[in-house]
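Taken together, the values in this text are just the output of simple stated rules run on the coordinates, not laboratory data. What you see is a predicted model, and the numbers here were worked out from it, not measured in a lab. Reconstructed Cβ throughout: ideal geometry from the backbone, glycine too, with neighbour counts over all protein chains shown.
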Amino acid sequence: MGPPVTVDGSVRPRPDLTLDGCFGSVPEEYAEPADGALISQENFVGICTVQDSSHLDETDLALVHALQLQPRFPWSRLARVLDVDASTLTRRWSRLTREGLAWFSCYPSGSKDWTGHDWEAHAFVEVECFPGHRQTVMDELAGKARVWNIDATSGRRDLMLTMVAPSIVDLDEEVDTSVATIPGVRATRTHFFRSMIRDGSSWRLNALSPEQRHALTPTPTRDGASRPGPRDLELLRILGPDARIPAATVAEQLGCSPSTAGRWITRVVESRFAAIRCEIAHYVAGWQVAATLWLDVPQHDLKSVAAAIARLPEIRLCVTIGSEANLVAQIWLHRLEHLDRFEMLLTTRFAGTRILDRWITPHFAKRLCHRIGHDGRRTGFVSPFATV
């Protein structure tokens, strides 16, 4: 593989950085790439690092990383791992959420357990707007329950949406009747997901030491046999905007005891049909560039290449799609020039893989049902269970 390569072209590794533990899990059928297919972690050292911020200090970043690993750990347990007083962590988290700098999402995962429910089908939808209408179109789309993400993008389209529906037929109709008809929309193009390889729930800040990450690494307990029922759906409604909501509050809404609510919450959190994200205002935290790469991968290499790309720490989303491209990767980087380095390493390592298109996302208007301001901070929440 050769010596480690950094963004500035140096071959010296950065001993103060590690990418261990940054990678999320990928579906079982994608979990074992072919021999030699995985890009060396060392090749990307220097691209994905935590940057200094006037709004977020090291303790804030460590707290968010810890909550990404253990979203419902008591403050007292987190305090022991982070070596910070529990009351201090509570105050810091309150400030982060109050200022829109960090937040939680709990949502239905891409599991096949949701067959027949409202979010079985997923798609990217490109939206072209008439000049001067992009903001009004975004405002209209932001309130729609089936529009989970809104990216303002570069290139020939103005917006890229991530939409969900019970089926591809329903999703196609939703685009035709609920998106294309918005005043100011000129055209739409839909790209249906085939497989979700990785989503943002497995993206990590890389702000903890290896010892701290080890102490917080979840024990694999996901129940592969259970399927979601009506009570699980109700819990997802409650946990959707805040996965740390106290069990006592959940108990009040469900009419049960706090201990019972706690058991039900644990079932949902540890299930394969729910996913939890602890998000951060990426601009404030130092990730200045969000980009989407549309890749054409030889079909016989698709699984191994998808698995390898999904394990890179920059990756926020990796899906196979039914379009001219067959693999889409969304990445976060600190500077735009890092994209050149990332693309070079990607195409060099995977012979035959072509980058058909690349988009820069200057602004997210909505991220997984949360409204986002121009500075990347959370400003509100639209329940995916709401009536469309």
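Rounding to the nearest 20 debye, state how big the charge dipole of the stretch 55-99 is about its Cα centre with +1 on each Lys and Arg Cβ and -1 on each Asp and Glu Cβ.
Rounded to the nearest 20 debye, it is 260 debye.
Could you calculate the contour length gain from Asp85 to Gln135, that is, 0.36 nm times the residue separation minus the distance between their Cα atoms, to one decimal place in nm?
Full extension of this stretch gives 13.7 nm more.
Just flag the GluC sites (Glu not before Pro) in the stretch 287-388 sitting in loop per DSSP whose Cβ has no more than 13 other Cβ atoms within 10 Å.
Glu324
Quick one, what does Rg over Rh come out to for the stretch 55-99 if you take C-alpha atoms and the Kirkwood Rh?
With Rh from the inverse mean 1/r over Cα pairs, Rg/Rh is 0.91.
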